[in-house]
1. Kindly indicate whether VAL120 is crowded, with 17+ Cβ neighbours inside 10 Å, under 25 Å from GLY26 (Cα atoms), modelled with pLDDT of 95 or more and in contact with an Asp or Glu (Cβ under 9 Å, 6 or more places away or on another chain).
2. Going by what's in this entry, would GLU52 be described as modelled with pLDDT of 90 or more, surrounded by 15 or more Cβ atoms within 10 Å (Cβ to Cβ) and not aliphatic (A, V, I, L, M)?
3. Being of a type outside the set (Lys, Arg) and outside any helix (DSSP H, G or I) is the filter here; which residues of the range 1-19 pass it?
4. What are the residues in the range 20-38 that are outside any helix (DSSP H, G or I) and under 28 Å from PHE110 (Cα atoms), if any?
5. Do you know which of the residues in the range 123-165 that are loosely packed, with under 15 Cβ neighbours inside 10 Å and closer than 22 Å to MET16 by Cα is modelled with the highest pLDDT?
6. How many of the residues in the range 106-117 are in contact with a Gly (Cβ under 9 Å, 6 or more places away or on another chain) and at pLDDT 95 or above?
7. May I ask you to say which residue of LYS39, LYS63, LYS8 is more than 18 Å from LEU119 (Cα to Cα), surrounded by fewer than 17 Cβ atoms within 10 Å (Cβ to Cβ), within 21 Å of the chain's Cα centre (by Cα) and of a type outside the set (Phe, Trp, Tyr)?
8. I'd like to verify a number: residues in the range 78-107 that are in a helix (DSSP H, G or I) and closer than 17 Å to PHE123 by Cβ, how many?
Amino acid sequence: MTVKENTKTKIIKASMKLIQQRGFNGFSFSDVAEIVGIKKASIFYYFSQKEELVSAVLSYYSKDFFVRLNTNSSDNNLENILNNYCELYANNLKNDNCICLCSMLALESFGLGKQLITLVNDFFKQNIKWISDQLLNFGFSEKTSHSIAQHFFIAVQGTQLIAKNCCNSDYFMQNMKNEIKNIVNKYEN
């Protein structure tokens, strides 16, 4: 027996997809209502303004991302852990050529309120910390793990933008595998 999604969750998921495809300024409550199959006014029952909706979307996306990430990180192989991490980003690209929700929002930070910018930055910081923690678990020093984690995360962000622009989801993993090999080589040496 499957559990039927409630309207609020449907609104959040539809908004998430729209943001990943079009950005913050590229969707409206009308677009969400059409996808969910409800009246636009019904969205206001759950979210009084667009920023409130996007804040809920960010919370949902971040929680889901880290649950999936931590589910796939019990491997004792650094290469597999980093590949699984990159797969979460690759899946966005494979799914209608979307990029990470926070990456898309960061591209429009000029039009976002302070709260949303903070939430996006928190997601990025959590990513870097997670990568750094994995490297620490494999014996990298704290300073080295943080430096490598920052570089790796920057590579993830830039590579997904290029892959999206080229409409080539394979480009992302092909290039990230090279980045991962460089990290693994540092670990093995």
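The values are calculated or read from the model by the stated rules, or taken from the named source; none is laboratory data. Given the structure is predicted, the values throughout are model-derived calculations rather than measurements. Cβ: placed from backbone, ideal geometry, glycine included. Neighbour counts: every protein chain shown.
1. Numbers: crowded, with 17+ Cβ neighbours inside 10 Å: yes; under 25 Å from GLY26 (Cα atoms): yes; modelled with pLDDT of 95 or more: yes; in contact with an Asp or Glu (Cβ under 9 Å, 6 or more places away or on another chain): no.
When the stated conditions are applied, VAL120 does not pass them.
2. On the way: modelled with pLDDT of 90 or more: yes; surrounded by 15 or more Cβ atoms within 10 Å (Cβ to Cβ): no; not aliphatic (A, V, I, L, M): yes.
No: the conditions fail for GLU52.
3. Start the filter on the range 1-19 by keeping residues that are of a type outside the set (Lys, Arg), which leaves 1-3, 5-7, 9, 11-12, 14-16, 18-19.
If the condition is that a residue be of a type outside the set (Lys, Arg) and outside any helix (DSSP H, G or I), then MET1, THR2, VAL3, GLU5, ASN6 are the ones that fit.
4. GLY23, PHE27, SER28 - these are the residues of the range 20-38 that are outside any helix (DSSP H, G or I) and under 28 Å from PHE110 (Cα atoms).
5. Looking at residues that are loosely packed, with under 15 Cβ neighbours inside 10 Å and closer than 22 Å to MET16 by Cα, I get LYS125.
6. Residues flagged as in contact with a Gly (Cβ under 9 Å, 6 or more places away or on another chain) and at pLDDT 95 or above within the range 106-117 amount to 0.
7. So the residue among LYS39, LYS63, LYS8 that is more than 18 Å from LEU119 (Cα to Cα), surrounded by fewer than 17 Cβ atoms within 10 Å (Cβ to Cβ), within 21 Å of the chain's Cα centre (by Cα) and of a type outside the set (Phe, Trp, Tyr) is LYS8.
8. Step one: filter the range 78-107 for residues in a helix (DSSP H, G or I), giving 78-94, 101-107.
Among the residues that remain, those that are also closer than 17 Å to PHE123 by Cβ are: 85-86, 88-89, 91-92, 101-107.
Of the residues in that region, 13 qualify.
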